[in-house]
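A short write-up of the structure that comes next.
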Amino acid sequence: MDWGKQNRWAQITKNGRCFFLAMDHGYFLGPTRRLEKPGEMVTPLLPYVDALFVTRGVLRASIDPNTKVPIILRVSGGSSVIGADLSNETVTTSIDEVIRLNAAAVGLSVFVGSDYEFQTLSNLANLINACEPYGIPTMAVTAVGKELEKRDARYLALSCRIAAELGATAVKTYWCEDFHKVAENCPVPVVIAGGPKCDTILEVYEFVHDGLERGAVGVNLGRNVWQDEHPVAAARGLQALIHEKLTPAQANDLYQTIKNEGGATA
């Protein structure tokens, strides 16, 4: 990794770990619950996250350009939740736009095993080729669309390794049983996706902690923070779990303390 890419990666991590807040859901879901007004949602969470994963539209319209939190730009899209196939994506943002928006990194989905596998893997390769001359890190997102049954170690290890082989700087993937089989077979950093909304924040802390123990470097999740009834408390607990190495129980205690203090509702 060259100096520029190393520097940009260092901007979005702390001591090798990371908490990326995903808020790109609208690019295929539209006005997602509690993400209807992205700027209002994210403002109280900024002190606790290392980077925002966001589309250029929301970045331009809703994120204060004075913010010091780095940006990971979502640069793939082209299908919606009501469309025929979520995996039918293309690259939506040029390298000129990535540079103009001062993104620290970019992210793009790949759909291994789908009808559009070749297309999305080609999207990733072409994006990497465009970003490399400028030292911009590329995060591959191993998406599975509506086929949730694919979230097992064998499939996710395959997807992550392919993305790494194509040159991705890091890979975002789902937590699963035997997560170490995913992380230890991927030669680049692995970041845990949030997936569907969990019933309790303790469940989130537990799967994140397990993933970190088994080789992940951090998380890139959103709904399990900003759809929580106490999003500031959820974010602070997650930050402490990742960077202060709290246990899930300790992070949950911190969540409860902040919640009870009454300053944790968006």
Region 26-39, subset more than 21 Å from residue 91 (Cα to Cα) and not aliphatic (A, V, I, L, M), residue surrounded by the most Cβ atoms within 10 Å (Cβ to Cβ):
38
Tell me which residues, restricted to region 1-25, are farther than 26 Å from residue 245 by Cα and surrounded by 18 or more Cβ atoms within 10 Å (Cβ to Cβ).
5, 24, 25
Residue that is buried (at least 23 other Cβ atoms within 10 Å of the Cβ) and either of a type in the set (Val, Ile, Thr) or on the phi < 0 side of the Ramachandran plot (or both), where the choices are 188, 182
182
I'm told residue 114 meets every condition in (1) crowded, with 19+ Cβ neighbours inside 10 Å; (2) part of a helix (DSSP H, G or I); (3) among the hydroxyl-bearing types (Ser, Thr, Tyr) except one. Can you identify the failing condition by its number?
(2)
Could you tell me which of the residues 86, 108, 73 is surrounded by 15 or more Cβ atoms within 10 Å (Cβ to Cβ), touching a Lys or Arg at 6+ places or on another chain (Cβ under 9 Å) and more than 21 Å from residue 169 (Cβ to Cβ)?
86
Which residue pairs have Cβ atoms closer than 9 Å, lie 6 or more positions apart in sequence or on different chains, and pair a first residue in region 119-130 that is at pLDDT 95 or above with a second residue that is of a type in the set (Asp, Glu)?
119/89; 120/89; 123/89
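Inspect all residues belonging to region 136-152 and state whether any of them is small (Gly, Ala, Ser), assigned to a loop (DSSP other than H, G, I, E, B) and under 13 Å from the mean Cα position of the chain (by Cα). Don't jump to the end; show me each part of the working.
Step one: filter region 136-152 for residues small (Gly, Ala, Ser), giving 140, 143, 145.
Applying the additional criterion that residues be assigned to a loop (DSSP other than H, G, I, E, B) yields 143, 145.
Right, trim to under 13 Å from the mean Cα position of the chain (by Cα) and you get 143.
Scanning region 136-152 turns up at least one residue that is small (Gly, Ala, Ser), assigned to a loop (DSSP other than H, G, I, E, B) and under 13 Å from the mean Cα position of the chain (by Cα).
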Every residue in region 213-248 that is without any contact (Cβ under 8 Å) to a residue 40 or more places away in the chain and assigned to a helix (DSSP H, G or I), please.
213, 224, 233, 234, 237, 240, 241
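If you scan region 7-31, which residues turn out to be polar (S, T, N, Q) and either within 17 Å of residue 191 (Cα to Cα) or touching a Phe, Trp or Tyr at 6+ places or on another chain (Cβ under 9 Å) (or both)? Before the answer, list the steps.
The first filter runs over region 7-31 and keeps only residues polar (S, T, N, Q), leaving 7, 11, 13, 15.
Passing the criteria: 11, 13, 15.
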Selection count where residues are more than 25 Å from residue 42 (Cβ to Cβ) and touching a Pro at 6+ places or on another chain (Cβ under 9 Å), scope region 70-107:
1
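The values are calculated or read from the model by the stated rules, or taken from the named source; none is laboratory data. Predicted model, so just to flag it, every value in this text is computed and none were measured. So basically every Cβ, Gly included, is an ideal-geometry build from the backbone, and we count neighbours across all protein chains shown.
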